[in-house]
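Each remark here refers to the structure printed beneath this line.
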Amino acid sequence: MTSNLVTYEIEDNVAIIGLNRPDKRNAMNDTFIGVLREAVIRAGEEADAGVIFGHGKNFSAGLDLAELASKLSPDWVRPRKRRPHPWHQTFDLIARGTIPFVAAVHGATIGGGLELAAAAHIRVSDETAFFGLPEGQRGIFVGGGGSVRIQRILGYATMADMMLTGRLYSAEDALRARLTQYLVPAGEALAKAKTLAHRIAQNTPQTNWQITNVLPRINDLSHDDGLFMEYLNSSMARPPETLGRLKSFLEKRTEPLLRPAPPSAE
């Protein structure tokens, strides 16, 4: 990558991707999305799991509205041909790429920032995080896949409320709504996300791929088709390491079970 808009590092077999435009609350424009796409592709090649976080006080305030305003100007020259949506392509590489991603969320996580977080498979929020979809108050519509991903997480009624009224969700609200799976004290989201990512990276790549690519597609199928898809995947050839893992588990089961000590009477 040739831009400092996104930071990238490898910790063991986990890629750590940082949104690095803190002076703009990590707002994203087309250039930013292009650099993020490069980082996600690199992570898929080099790592077994990834973490996405935001530098500064916020995860991401979403779309760079200044860039959008310039595109709405009468002087802006539209491309002659329609192209694939770069946000859709990049976020799909996260949601249904080659490795699982954990989003470490804090501060503003709104609009496109929430759409990015929703593309990750697990979201960890600290107590400073707040969530919103203010597009309705801006005269625009979601454009980063939120109509699909966020709606599937929250349901239509909750997402419509957020968009129609501008309602903000606190970190506690988000946990109750299952928008985030983990809630940690302020400043601890990244550390928790890394811990989870390192644990995920210990799974076989095939299992992680099935969980991130096959499982969501089964959710879109009918009952019978879903069961058939599950059968096909459970019948796939498994990597050699699977047998070693099963043997290790079975050997441990032959040992006496260690039960927790009874609670103290004091």
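The values are calculated or read from the model by the stated rules, or taken from the named source; none is laboratory data. Remember, it's a predicted structure, so these values are computed and weren't measured experimentally. So basically every Cβ, Gly included, is an ideal-geometry build from the backbone, and we count neighbours across all protein chains shown.
With a requirement of 2 or more residues that are within 16 Å of the chain's Cα centre (by Cα) and either touching a residue at least 60 places away in the same chain (Cβ under 8 Å) or not assigned by TED's automatic domain parsing to the domain that holds S60 (or both), the helices (runs of 4 or more DSSP H) lying completely within the range 103-202 that satisfy it span 112-119, 189-200.
Conditions (1) surrounded by 19 or more Cβ atoms within 10 Å (Cβ to Cβ); (2) within 17 Å of the chain's Cα centre (by Cα); (3) within 19 Å of G111 (Cα to Cα), marked per residue:
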{"position": "I10", "(1), (2), (3)": "no, no, no"}
{"position": "V14", "(1), (2), (3)": "yes, yes, no"}
{"position": "L19", "(1), (2), (3)": "yes, yes, yes"}
{"position": "D23", "(1), (2), (3)": "no, no, yes"}
{"position": "V40", "(1), (2), (3)": "yes, yes, no"}
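Can you tell me how many residues in the range 1-44 are of a type in the set (D, E, K, R) and within 18 Å of V102 (Cβ to Cβ)? Reasoning before the result, please.
Of the range 1-44, the ones of a type in the set (D, E, K, R) are 9, 11-12, 21, 23-25, 30, 37-38, 42.
From the residues that got through so far, the ones that are within 18 Å of V102 (Cβ to Cβ) too are 9, 11-12, 42.
Final tally of qualifying residues: 4.
Please tell me if S264 is modelled with pLDDT of 90 or more, farther than 27 Å from G44 by Cβ and not assigned by TED's automatic domain parsing to the domain that holds G44. Break it down into steps so the answer makes sense when it comes.
Numbers: modelled with pLDDT of 90 or more: no; farther than 27 Å from G44 by Cβ: yes; not assigned by TED's automatic domain parsing to the domain that holds G44: yes.
Judged against the criteria, S264 is not a match.
Scanning the range 151-187 for residues that are over 21 Å from A119 (Cβ atoms), out of contact with any Ser or Thr (no Cβ under 7 Å at 6 or more places or on another chain) and of a type outside the set (D, E) turns up A157, L164, T165, G166, R167, S170, R176, P185, G187.
Does P74 meet the test of being in a loop (DSSP other than H, G, I, E, B), farther than 19 Å from R149 by Cα and either modelled with pLDDT under 95 or not charged (D, E, K, R) (or both)?
Values: in a loop (DSSP other than H, G, I, E, B): yes; farther than 19 Å from R149 by Cα: yes; either modelled with pLDDT under 95 or not charged (D, E, K, R) (or both): yes.
Yes.
Among the residues of the range 224-245, just one is in a loop (DSSP other than H, G, I, E, B) and among the polar types (S, T, N, Q), namely S235.
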